[in-house]
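Read the figures in this text as sums done on the coordinates, not as results from a lab. Here the structure is a predicted model, which means the values were calculated and not measured. Cβ coordinates were reconstructed from backbone atoms using ideal geometry, including for glycine residues, and neighbour counts include every protein chain displayed.
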Amino acid sequence: MDAQTIVDLCKKHSLYSWSATGKVDPLAVTRAEGIYFWTADGQRMVDFNSQLMCVNIGHNHPKVVARMKEALDRVIFIYPGAATEVRARLSERLAKLMPGDLNAFFYTLGGAEANENAIKAARLYTGRHKILARYRSYHGASAGAMQLTGDPRRLPNEPGIPGVVHVMDPNPYDYSFGATDAERADNNLRYLEEVIHYEGPSSIAAMFVETVTGTNGVLSPPADYLPRLRQLLDKYGILLVCDEVMAGFGRTGKMFAFEHWGVIPDIVTMAKGLTSAYAPLGCMAVRQPIADHFQDNVFWGGLTYNAHPFCLETAMAVLDVMDEEDVLGNTVRMGAVMRQEMDRLQAKHPSVKEGRCIGLFGMMDLQKNSRGEGFAPYNGAHPVLGKLGAFFKKEGLFTFIRWNSFTCNPPLTITEAQLRESFEIVDRGLELVDEAFEG
């Protein structure tokens, strides 16, 4: 099919996520390799967001593709109540990979499902009902995960499940709790403890956090925030659940982002990079006491495709590539290059407010004046941002622009030359935004 036929039929017979289908203008994509994908018209696009922050080892890695083909000659599907060799091997591998006593795993088909089951596990284990979550967060689009989510995508999906209490982040959207990391941590944790008292500590099962906030800012927590949060929650018997769906499997330069701060969550949810999105797979990891609880007590969760053998085989292949090709090491090295490029662009372009990155998890914020005000309001838009998006698309750079920011999350296998070439496109695009800067 030609590009227009592909687009027309997709829009006629399928619905597009987070969109009014009649208003979308999707790319017709025909192939992908490494950090690139190609449209039906032959345009090469740099995948500067790893699709949805998930294609961590790049597209169509030949070693993984070969292993997936081999897996088709084994057990492709068996019901989730069965035991398979790949389930045994992957579970043992993850237990060795994860720090502390995060030793037991429940396999799903994605991150939202993993978070749904984490809600169930926390409530069943503690006997408590309420869940704390943050406003500047995204945890998935299913009913429970959507209610955990703090960002505006939650609002049209309300009412959701009961019992979720949203709290402010250490870095709120419109103001700061303090100028320094220490001040932000002190003030947020003092406020959080007050909320815990208001809600009744004995009624709160868990607090869900994105270890590094993803689409709502790519925000690392203040320096000592996570260890202190861990201590605060322990004080009241509240479980800490770290959502590592975006940040996990190397994106930040560690296998899991929480390793940067030396904490061991009670529950970890993951997906995306686990298979580099080559096959749908999510996972909930739990510490040993929780696993022990469900040895004798029923875990009331399960779906047809849980622990799908083909998806588990894909995860094994991806983890092998990450080991063999030093993907974590490359992430650290290229993260330093990204930091250089962001600093260069901030010094050059008055419209750049800030660039943030940890490993290859990055975002750049734009401003309309020297006071740091954004072009678009919270959950709003501005013509210059649409103009920037059109430029990126025309120049072959695929990323996401939201409100006053755009993402910088390339595959973790990107080379220095490819990364600098990508930022050269960004550099030229920012000239358009500078024209709207008010001074």
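Of the DSSP beta bridges with both residues in the chain, give the percent that are antiparallel, rounding to the nearest 5. Provide the component values of the computation, followed by the final result.
On the way: 31 of 48 bridges.
In the chain, approximately 65 percent of DSSP beta bridges are antiparallel ones.
With r defined as the distance between the Cβ atoms of Y191 and T5 and R0 fixed at 60 Å, what FRET efficiency is calculated, to the nearest 0.05? Write down the numbers at each step before the final one.
On the way: r = 55 Å, r/R0 = 0.91.
For R0 = 60 Å, the calculated efficiency reads 0.65.
Shape verdict for the chain, please, from the Cα gyration tensor: rounded (a/c under 1.5), prolate (a/b greater than b/c) or oblate.
Numbers: a/c = 1.60, a/b = 1.14, b/c = 1.41.
It comes out oblate by the Cα gyration axes.
Counting pairs of alpha carbon atoms under 8 Å apart in space and at least six apart in sequence, what relative contact order in percent does segment 311-383 give? Don't skip to the answer; put the middle values down first.
Numbers: 64 pairs, mean separation 13.8, N = 73.
Relative contact order here is 19 percent.
Got the relative contact order for segment 89-210 handy, in percent, Cα pairs under 8 Å and 6 or more residues apart?
Numbers: 157 pairs, mean separation 31.9, N = 122.
Reported as a whole number, the value is 26 percent.
Just to confirm a number: summing +1 for Lys and Arg and -1 for Asp and Glu over residues other than T269 whose beta-carbon lies under 11 angstrom from that of T269, what do you get?
Working: positive: K272; negative: E113, E116, E210, D243, E244.
Here the count lands on -4.
Quickly work out the L52-to-S19 label distance, labels modelled 7 Å from Cα along the C-beta direction, and quote it in nm with one decimal.
1.3
Tell me whether segment 151-298 comes out rounded, prolate or oblate; compute the Cα gyration tensor, take square roots of the eigenvalues as a ≥ b ≥ c, and use a/c under 1.5 as the rounded threshold. Numbers along the way, then the final one.
On the way: a/c = 1.36, a/b = 1.15, b/c = 1.19.
Because its axes are fairly even, with a/c under 1.5, segment 151-298 counts as rounded.
With +1 assigned to the C-beta of every Lys and Arg and -1 to the C-beta of every Asp and Glu, and no other charges, what is the dipole magnitude of the chain about the Cα centre in debye, to the nearest 20? Present the calculation step by step, with values, prior to reporting the outcome.
Values: 44 positive and 52 negative charges, 111 e Å.
With only Lys, Arg, Asp and Glu charged at Cβ, the dipole is about 540 debye.
Just to confirm the filter: which trypsin sites (Lys or Arg not before Pro) across segment 328-422 are DSSP coil and have at most 13 other Cβ within 10 angstrom of their Cβ? Spell out each step's value before the answer.
Values: sites: R333, R339, R344, K348, K353, R356, K368, R371, K387, K393, K394, R402, R420; in loops: K368, R371.
Taking segment 328-422 and a limit of 13 other Cβ atoms within 10 Å, the loop trypsin sites (Lys or Arg not before Pro) found are R371.
Any chance you could run the full-extension gain for R74 through A182? It's 0.36 nm times the residue separation minus the Cα-Cα distance, nm to one decimal.
Numbers: separation 108, 0.36 × 108 = 38.88 nm, distance 5.35 nm.
That works out to 33.5 nm of additional length.
As an exercise, identify the GluC sites (Glu not before Pro) in segment 324-364 lying in DSSP coil whose Cβ has no more than 16 other Cβ atoms within 10 Å. List each step's numbers first, then the result.
On the way: sites: E324, E325, E341, E354; in loops: E325.
The qualifying sites are E325.
Mind giving me the nanometre distance, one decimal, between the label points for Y135 and V29, set 7 Å out from Cα along Cα→Cβ?
About 3.3 nm separates the two model spin labels.
So what is the relative contact order for the chain, in percent, with contacts set as C-alpha pairs under 8 Å and at least six apart?
Normalised by residue count, the contact order of the chain is 20 percent.
Taking 0.36 nm per residue of separation and subtracting the Cα-Cα distance, what length does fully extending D41 through R402 add?
Gain on stretching D41 to R402: 127.3 nm.
Among the chymotrypsin sites (Phe, Trp or Tyr not before Pro) within segment 249-316, which fall in a DSSP loop and have no more than 15 other Cβ atoms within 10 Å of their own Cβ?
Working: sites: F249, F256, F258, W261, Y278, F294, F299, W300, Y305, F310; in loops: F249, F256, Y278, F299, W300, Y305.
Passing both the DSSP loop test and the Cβ count: W300.
If I take R0 = 30 Å and measure r between the Cβ atoms of Q340 and D224 in this structure, what FRET efficiency does the formula 1/(1 + (r/R0)^6) give, to the nearest 0.05?
Values: r = 27 Å, r/R0 = 0.89.
Once the sixth-power term is evaluated, E becomes 0.65.
Which percentage, to the nearest 5, of the DSSP beta bridges contained in segment 65-324 is antiparallel?
Values: 11 of 26 bridges.
Beta bridges within segment 65-324, antiparallel portion: roughly 40 percent.
Find out how many positive minus negative residues lie around H129, taking Lys and Arg as positive, Asp and Glu as negative, among other residues whose Cβ is under 15 Å from that of H129.
Details: positive: K120, R123, R128, K130; negative: E199.
Local charge sum for H129: +3.
For Q367, what is the net charge nearby, where nearby means another residue's Cβ is under 13 Å from its Cβ and Lys, Arg count +1, Asp, Glu -1? Walk me through the intermediate numbers first.
On the way: positive: K353, K368, R371; negative: E354, D365, E373, D434, E438.
Charge balance in the 13 Å sphere: -2.
Provide the FRET efficiency to the nearest 0.05 for the A390-D427 pair, computing r from the beta carbons and using R0 = 22 Å. Before the final figure, lay out each step's value.
Values: r = 17 Å, r/R0 = 0.75.
In this case the efficiency is close to 0.85.
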